[in-house]
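Trainee: Below you will find the structure I want to go over with you.
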Amino acid sequence: MHHDMQKMSHMDHEAAMTNPQMAKEMEKDMRRRFWISLVLSVPIFLYSPVGVNLLKIHLPSPVPVNWLLLILTTPIVFWTGSIFTVGAYSALKNKKLDMSVLIATGVLTAYLFSVYLTITSSSETFYEAAALLVTFVLFGHWMEMRSRRGTSDSLRALFDLVPPQAHVLRNGKEEILPSAEIIKGDIIIVRPGDKIPVDGDIIEGESSVDESLVTGESIPVAKKIGDKVIGGSVNQTGEIKFRATKVGSETVLAQIISLVEKAQNSKAPGQRIADKAAAYLVVLAIGSGLVTFFAWIYFGQADLVMALTFAVSAVVIACPDALGLATPTAVAVGTGIGAKHNVLIKDAATLENASKINAILLDKTGTLTEGKPKVTDIIAFEGFSQTDILKYEAAVESGSNHPLAKSIIEKAVAQKINIPQKTSFESIAGLGLKAVVDGKTINVGKEKLLQEDKVATDLAKDEMEKLASQGKTLSLIAINGKLAGMIALADTVKLSAKKTITQFKKMGIEPVMITGDNDQVAKAVAKDLGIERFFAEVLPSEKADFVKKLQDEGKFVAMVGDGINDAPALAQANIGIAIGAGTDVAIETGSIVLMKSDPYDIILAIILSKATVGKMKQNLFWASIYNILAIPIAAGVFYNSFGLILRPEVSALLMSASSIIVATNAVLLKRIEAKL
């Protein structure tokens with residue numbers, strides 16, 4: 001619905017976009033207004049000159065017909081159609097001409113002149129024009145609101161990341177307290193699988209922590225005493241105790257929430273296509289009305305009532321009923337096609353604006369890449385085979401929850417390797433693991449772990465440098481004190497990512513990658529995908545700044561992301577696109593949601609947007625063209641020479657035909673499906 005057609009403020013409208021309850025209430029209100037208007041419009045239509053002269057319906061009336069029409073039309077103008085008069089007032093106050101000004105002009109002109117005629121004479125009135133205009137446009141708005149129902153939910157998901165309760169040590173005793181009651185200095189116990197409630201410093205224990213939801217880093221981070229933990233991340237392997245350092249609004253998560261809110265509230269809604277068209281029609285309507293009135297008074301020697309009749313006819317005919325249906329019908333069909341192809345477009349403005357995208361900022365992890373490490377290389381040195389390396393690494397890693405360990409075990413299982421049992425197992429935090437397998441001493445992990453056990457690693461230097469330059473994570477293995485080989489793992493690029501980037505370039509859209517990963521990893525992925533420009537080592541709170549940087553270059557920016565760390569950037573972008581397999585938070589903040597998590601669906605959304613905008617423009621043409629052509633006839637240009645006058649009933653018939661053309665044309669948008 002047009003933001004300025006609301007009886008609500010801009011802030012309420014913004015809230016409605018993220019508050020499903022408010023959106024539901026607004027839709028219910030619109031539906032109620034439409035049905036009341038429709039019920040009242042039926043008798044108005046039957047008793048009007050249209051019903052009497054064209055349909056030859058002669059119904060009995062308890063009071064003079066014009067008075068009955070006045071009674072029936074007044075609630076439509078001042079109650080169900082009040083959103084247009086209120087919207088027009090607020091638009092004019094902001095020095096804007098839009099749909100609400102156009103509709104209010106047509107409705108009030110037809111209504112007020114009809115009231116004047118009702119009081120002063122028994123001439124034919126224009127009540128049905130006012131009633132039908134309101135009814136048609138209310139129907140269009142209701143359809144548009146329905147088309148976006150079910151795709152928007154509350155940003156509450158951000159708050160859900162914080163566990164409702166936490167295990168806190170107070171007075172030497174472990175208590176379960178609501179997370180909101182944690183104060184600075186509290187000691188919190190977090191067991192494997194638990195969410196971390198607030199930010200703090202570890203004072204006891206070692207573990208690996210999955211921070212991907214908050215930071216976007218795909219690989220869990222090893223944590224030991226003295227390291228920091230972030231509220232909202234998930235503890236994985238070991239039990240830790242930490243001292244709370246930041247609580248409430250000071251936590252990283254709370255700061256991300258406030259960045260999201262700030263970005264959403266500062267983003268001005270784009271001006272809709274229908275509003276732009278309406279601005280010209282307002283000038284045309286009022287201009288033609290004034291010209292008609294003065295032309296009849298000064299050159300046509302008409303009396304006041306006759307001059308006013310022609311002037312009002314010109315104004316009313318310049319306000320096309322079908323204009324209220326022109327964009328909503330196209331939006332309803334467009335969003336329907338998107339949903340069928342797993343692309344949820346949350347509102348009409350997004351559907352219109354996606355066609356303007358000329359720069360697209362893509363988060364690396366989870367958007368362009370799978371977000372899960374996979375084994376890419378198995379290197380075996382002299383005396384050992386690749387099977388040995390995989391078998392012994394998998395044996396040492398078995399039972400671990402760490403994503404790197406899981407990937408190695410998955411690879412061994414896929415190659416049908418029989419994984420032996422390990423004995424006397426030892427974990428060295430941040431470095432790796434030691435175990436005895438089949439009577440052999442095995443060291444698995446970083447180079448430093450092997451060097452500490454006096455294992456020579458010179459043999460691997462060239463290979464390690466080569467793999468590291470490709471942005472891969474390395475796990476070295478030593479068997480009985482001798483370097484045996486290594487396994488390289490990397491977050492693999494999604495199958496359709498390369499095709500997507502190529503297509504962006506063909507469409508004249510600049511693809512830019514953004515990531516929290518180091519420069520080396522970013523460079524490797526960007527090169528693989530054919531992306532020329534990227535931003536690496538970007539902190540979560542800085543992502544929105546990079547969106548702004550592109551906007552400051554004059555670009556219309558779409559941001560694509562899947563995590564909480566992307567939420568402020570999604571909100572800041574002209575269009576936020578959330579990858580569906582990501583977090584609820586990204587889904588709430590994005591204006592478009594790709595349910596299949598396939599980046600190629602962004603192309604689909606842009607094609608759909610361009611096709612829908614094309615249909616909107618065609619519809620606006622069909623909605624307005626006959627009205628514009630009919631203005632001279634309504635103004636009485638041919639009255640003296642041919643006695644030609646545009647009767648209200650003929651006008652109403654033409655308006656209905658125009659609306660049917662518009663609705664049919666919108667349905668033809670379905671032909672775009674063949675291209676998707």
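The values are calculated or read from the model by the stated rules, or taken from the named source; none is laboratory data. Not measured: the values here are computed from a predicted model. Reconstructed Cβ throughout: ideal geometry from the backbone, glycine too, with neighbour counts over all protein chains shown. These area figures cover heavy atoms from the full protein model, side chains too; ligands, DNA and RNA do not enter into them. Shrake-Rupley method; radii C 1.70, N 1.55, O 1.52, S 1.80 Å.
Trainee: What percentage of the solvent-accessible surface of segment 499-539, computed with a 1.4 Å probe over protein heavy atoms, is contributed by carbon and sulfur atoms?
Mentor: 49
Trainee: Still on this model: How far apart, in nm, are the 7 Å Cα→Cβ label points at Q421 and T457?
Mentor: Those two pseudo-labels are separated by 3.2 nm.
Trainee: I would also like to ask the following. Need one number: nm distance between label points at K617 and L46, each 7 Å from Cα along Cα→Cβ, rounded to one decimal.
Mentor: Going from the K617 label point to the L46 one covers 4.4 nm.
Trainee: Classify segment 311-385 from the C-alpha gyration tensor, please: rounded if a/c falls under 1.5, else prolate or oblate depending on whether a/b exceeds b/c.
Mentor: Since a/c reaches 1.5 and a/b is larger than b/c, the shape of segment 311-385 is classed as prolate.
Trainee: Express in nm, to one decimal, how much length is gained between S61 and L177 on full extension, taking 0.36 nm for each residue of separation and deducting their alpha carbon distance.
Mentor: Details: separation 116, 0.36 × 116 = 41.76 nm, distance 7.25 nm.
My answer for the length gained is 34.5 nm.
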